[in-house]
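Read-outs throughout are calculated quantities, based only on the coordinates presented, and are distinct from any laboratory measurement. Please read these numbers as outputs of a predicted model, since none were measured by experiment. Here Cβ is always computed from backbone atoms with ideal geometry, including for glycine, and neighbour counts include all displayed protein chains.
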Amino acid sequence: MPDQTCACPHCKCVLGSDAIMKDGKGYCCQGCAEHHAHGEPCAAATGCECAKSAHT
Ligand SMILES: [Zn+2]
Ligand SMILES: [Zn+2]
Ligand SMILES: [Zn+2]
């Protein structure tokens, strides 16, 4: 199975062992799985700004 990337539109994070499956899609973290509805930051420590991008 190839590496999958997070289904969050602006997130490029690769799904790891902590990936969350929701609606048949994989998300790298809870924040992405909830579409950052409450401003949760991305769990990635790489400076991913998908959470900000979700609120533009
Ligand atoms: Zn992200
Ligand atoms: Zn993500
Ligand atoms: Zn995200």
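Below, the figures for the structure above:
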quantity: Qualifying aspartates and glutamates (Cα of each under 13 Å from Cα of residue 22; at least 8 residues distant if same chain); calculated: 34
quantity: Over the chain, equivalent-ellipsoid semi-axes from the Cα gyration tensor in Å; calculated: 17, 12, 9
quantity: Extension gain, residue 34 back to residue 12 (0.36 nm per residue minus Cα-Cα distance, nm); calculated: 6.3 nm
quantity: Electrostatic dipole magnitude of the chain [Cβ: Lys, Arg +1; Asp, Glu -1; Cα centre; debye, to 20]; calculated: 100
